[in-house]
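These notes are about the structure you will find just below.
The values are calculated or read from the model by the stated rules, or taken from the named source; none is laboratory data. Values in this document were obtained by computation on a predicted structure and should not be read as measured data. A quick note on method: Cβ atoms are made from the backbone with ideal geometry, for glycine too, and the neighbour counts reach across all protein chains shown.
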Amino acid sequence: MLERILILARDEAERLLGDGSAFTGLAPEGDAGAPWALISIVGWTRKGPAVLFGAEAPDRHSRNGCVGSLQCCFGDILPVAAADAAAIPSHYLFSGQEAARIIAFLETVKADARALILHCDGGVSRSGAVGLFACRWLGLDEAEFFAENRRISPNPWVLQVLLESAGRPCKDLAYWYQLREEERRRI
């Protein structure tokens, strides 16, 4: 059962996962080889999707406790209005289709993985939004999530689309941001 969500920048994820070794510290007890899952988020380049970390070595990850990986490609943007969203190329803006893939992935790995690793380029906005949604979706402790992932600043558009796709009211956003501000004041 998923117990921990870890938000990383791309370079941090590459250092942690890159050598293919089993890691310690992912499960709350820190047992080596704890099963984990990975969500890798990248943006678009002029040539198409950026190279996705982990795509080149799924076998290596599965040998080291990875029970599943999902690769997503969307930009770190926030449309100001619905008209702005309509003007953004559909392949760049986070969509309900991507949200449905993330929700389905969470449902697939929640029973087997003990830790969920998420990364985007900076480990702040896109992965922060997906991680915060996963925390709520899985019923994990949000204060613990924020304490462990202090630098995140979830992208409100990504969070809103995930909530709407999950049939959850968007009024939850105010609660999440209030909780985050309370945690920042404690630091």
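Of note:
- Pairs where the first residue, in segment 149-166, is over 19 Å from residue 43 (Cα atoms) and the second is among the charged types (D, E, K, R) and surrounded by fewer than 23 Cβ atoms within 10 Å (Cβ to Cβ), C-beta under 8 Å, 6+ apart: 150/183; 150/184; 163/172
- The lone criterion from (1) under 23 Å from residue 78 (Cα atoms); (2) modelled with pLDDT of 95 or more; (3) surrounded by fewer than 22 Cβ atoms within 10 Å (Cβ to Cβ) left unmet by residue 104 is number (1).
- Of everything in segment 119-165 that is of a type in the set (Ser, Thr, Tyr) and part of a helix (DSSP H, G or I), the residue that is farthest from residue 38 (Cα to Cα) is 165.
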